[in-house]
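Please read the structure below before turning to the comments.
Each reported figure results from applying straightforward, stated rules to the coordinates on display, with no laboratory input. As the structure is a prediction and not an experimental result, all values here were calculated from the model. All Cβ positions, even for glycine, are placed from backbone atoms using ideal geometry, and neighbour counts span all protein chains on display.
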Amino acid sequence: MQADKKFDETRNKSYIGLAFSLLLTLFKLLAGILGNSTLLLADAVRSFSEFINECIKLLDFSIGSKPGDENHNYGHGKLTTLCMGAGAFILLFASFHTIFLSSGELLTFLQDKEPETPEIIALYAAIAAFVLRNVMAVLTGTPEAQAKEVSSKARIPVKGLSIIPIKDLLISCFVISGIGFTFLSGKSFDIADSFAGLLLSLYLLGTSGRLLYRIVNELIEASLDEKNNLRIREIINKTENVTGSGELKTRRIGNGIAINASVNVNNSLSVLEAAEIANLVEKRLKAAFTEDTYVLIKIEPIPLKNQNFEIKDRSSNENKGEKVSLF
């Protein structure tokens with residue numbers, strides 16, 4: 001009951017964050033056009049990326065988190081991945097567009113021509129957007145923190161969350177400073193807005209590129225990173241009565257993961273004891289990641305030196321119709 005209440009609360013905050021991110025994007029876009037600020041347009045792209053993140057969160061709440069069915073045995077997490085990929089493509093093209101605008105202004109400046117400088121409305125809009133975002137983060141309990149809280153167990157634990165992430169705080173200050181410098185005396189400051197806009201656009205371009213790379217890896221069933229694979233093996237090997245681990249296959253399914261592992265146990269154990277070990281390993285892996293983690297454990301006995309002779313004996317016994325134990 002308490003978990004459902006927390007889930008509904010997080011979803012409602014996502015709705016608020018969705019509406020706020022859209023309004024902030026439109027506000028910056030309009031102010032950037034009216035105020036002739038390329039940097040503010042690039043910052044509007046950054047706000048649009050937050051809008052996409054909120055859309056992905058809501059999609060994951062409504063569809064991506066649904067359990068598997070007859071037609072989707074591994075759940076619906078790939079739908080979230082596909083939508084995230086579409087959003088990343090939009091960000092990629094938007095970043096290229098702002099790079100083109102910024103480069104055009106820089107080229108104009110290098111040709112000793114007078115570039116377009118931002119109007120004062122752009123500076124006021126950047127300051128207003130920064131204040132509104134901080135106020136909204138306080139009122140809603142930080143949408144970014146809610147998103148990380150939901151998904152951090154499936155990835156790397158998040159520590160020391162602040163009201164406003166330091167990176168976003170620095171970028172907001174960078175935007176205000178970049179626009180503000182253009183109002184200083186001196187011709188060299190006229191290009192500060194475009195130069196800062198180019199830097200921010202390149203940053204957004206790199207962010208969208210890394211996101212697309214991760215999405216492509218997930219769609220082609222790439223395994224988890226080495227750190228998480230080592231973490232999985234450590235959990236398996238530390239489980240009672242487990243003598244080691246063999247083949248390990250992992251992949252990401254939306255915000256969840258799938259683990260297919262081979263676990264070595266003593267060949268003197270019974271079928272029931274081996275099943276209990278498999279259940280214990282599965283339980284610990286789900287506790288370390290999420291309960292929705294897909295886990296498949298294959299129990300294998302420790303290979304013996306005379307294994308070939310045992311296989312021959314087992315085959316002969318099977319031909320004779322004799323009952324053979326699991327190990």
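Return the subset of 28/167; 249/283; 28/187; 227/249 for which the Cα-Cα distance in this structure is over 21 Å, preserving the input order.
28/187
By how many nm would the segment from residue 234 to residue 202 grow when fully extended, if each residue of separation counts as 0.36 nm and the alpha-carbon distance is taken off?
7.6 nm
Exactly which chymotrypsin sites (Phe, Trp or Tyr not before Pro) in segment 159-261 are in a DSSP loop and have at most 16 other Cβ atoms within 10 Å?
Hits after loop and neighbour filter: 183.
Taking amide H positions as placed 1.01 Å from N in the peptide plane, with prolines and chain starts having none, which residues 5 or more places from residue 245, or on another chain, fall under 5 Å of its amide H?
For residue 245, whose amide H was placed from the backbone, the distant partners under 5 Å are 264.
Order the peptides 19-27, 224-232 from the highest to the lowest mean number of other Cβ atoms within 10 Å of their residues.
19-27, 224-232
Can you give the FRET efficiency for residue 185 and residue 89, using 1/(1 + (r/R0)^6), R0 = 56 Å, r = Cβ-Cβ distance, to the nearest 0.05?
With a Förster radius of 56 Å, E is 0.85.
Quick one: putting +1 on the C-beta of Lys and Arg, -1 on the C-beta of Asp and Glu, what dipole do you get for segment 181-276 around its Cα centre, in Debye to the nearest 20?
In total the dipole reaches around 240 debye.
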